[in-house]
Amino acid sequence: MRSPLLIGAALALTLYFIVLYNGLVGLKHSVAKAWANIDVLLKQRHDEIPKLVEVCKQYAQFEQQTLLKVMEARNAVASSSAAHDAARLGASEGLLRRGIAQLNAVAEAYPELKANEQFSQLSRRISALEDSIADRRELYNEAVNLNNMRIEQFPDLLIARLFGFAGAHPLRFESHETCDVDVSSLFRQP
């Protein structure tokens with residue numbers, strides 16, 4: 001005959017194990033959800049950038065090299081996002097943000113382009129998407145941080161290793177991406 005105390009302890013331990021496991025599953029899905037939210041915004045911006053480039057192309061003398069850089073960076077962001085490669089996405093995002101900033105700076109030399117309503121709307125839309133992406137990055141990095149902390153803490157560590165829960169990589173940016181913008185450099189031709 002088994003002791004009720006032993007059965008109670010086994011039941012409590014099982015329930016504790018289930019709570020820990022479910023917590024880790026929840027964190028894993030929070031990271032995936034945060035990544036999906038970023039991905040949606042990246043795709044929206046991905047669709048808007050060619051429209052902005054097309055409007056700029058209407059001004060025949062508009063700098064083609066700048067347009068090319070923006071489109072290449074756009075494609076790099078898309079492939080990094082599709083591969084769920086946070087490290088590569090961070091670097092690609094930096095290139096794209098610099099390209100868009102340079103595109104807007106070069107547009108300053110074209111008063112007709114700046115006055116173009118479609119250009120203005122697209123620029124505002126892309127800026128709004130940039131802000132939303134920055135907000136979602138913060139949420140993603142927080143979810144990654146919580147996930148990574150839990151899978152390294154005892155006793156969660158035991159369950160994480162047993163069931164193969166893996167850490168995630170935060171979206172990081174190069175140091176020049178987090179410092180103040182040198183506005184005068186945006187107006188220099190490359």
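In the distance distribution for segment 129-168, Cα-Cα pairs more than 14 Å apart total 52 percent. Residue order for Y110, Y16, fewest other beta carbons within 10 angstrom first, comes to Y16, Y110.
The Cα-based radius of gyration and maximum Cα-Cα distance (Dmax) for segment 33-81 are 12.7, 43 Å.
Note on A32 and L20: the model spin-label points, each 7 Å out from Cα along the C-beta direction, lie 2.2 nm apart. Highest-first packing order for the peptide set 158-165, 22-29 is 22-29, 158-165, based on the mean count of other beta carbon atoms within 10 Å.
All other residues whose Cβ lies under 13 angstrom from that of V77 are scored, Lys and Arg at +1 and Asp and Glu at -1, for a net of +1.
Mean projected area of the Cα convex hull of the chain, taken over all directions, amounts to 13.4 nm². The sum of -39500 (n - 2.57) across all DSSP H runs of n ≥ 4, divided by the residue count of the chain, sets its helix-only mean residue ellipticity at 222 nm to -27500 deg cm²/dmol. Under the definition of Cα pairs under 8 Å and six or more residues apart, what whole-number percent is the relative contact order of the chain? Normalised by residue count, the contact order of the chain is 32 percent. Look at T66, T14 and count the other Cβ atoms within 10 Å of each Cβ; fewest to most, that gives T14, T66. On a per residue basis, the convex hull of the C-alpha atoms belonging to segment 50-146 measures out at 86 Å³.
Using Cα atoms only, what is the angle between the long axis of helix 4-57 and the major principal axis of the chain, expressed in degrees (0 to 90) to the nearest 10? Helix 4-57 sits at roughly 10 degrees to that axis.
May I ask you to sort E142, E93, E63, E152 by Cβ crowding, counting other Cβ atoms within 10 Å and putting the fewest first?
E152, E142, E63, E93
Kirkwood radius and radius of gyration were both taken over the C-alpha atoms of segment 4-107, and their ratio Rg/Rh is 1.39.
In whole Å, what is the distance between the alpha-carbon centres of segment 8-38 and segment 100-127? Going from one Cα centre to the other spans 47 Å.
Since every read-out is calculated from the coordinates, none of them should be taken as a lab result. Just so we're clear, the structure is a prediction, and the values are computed from it rather than from any experiment. Glycine also receives a Cβ, built like all others from the backbone with ideal geometry; neighbour counts cover every protein chain displayed.
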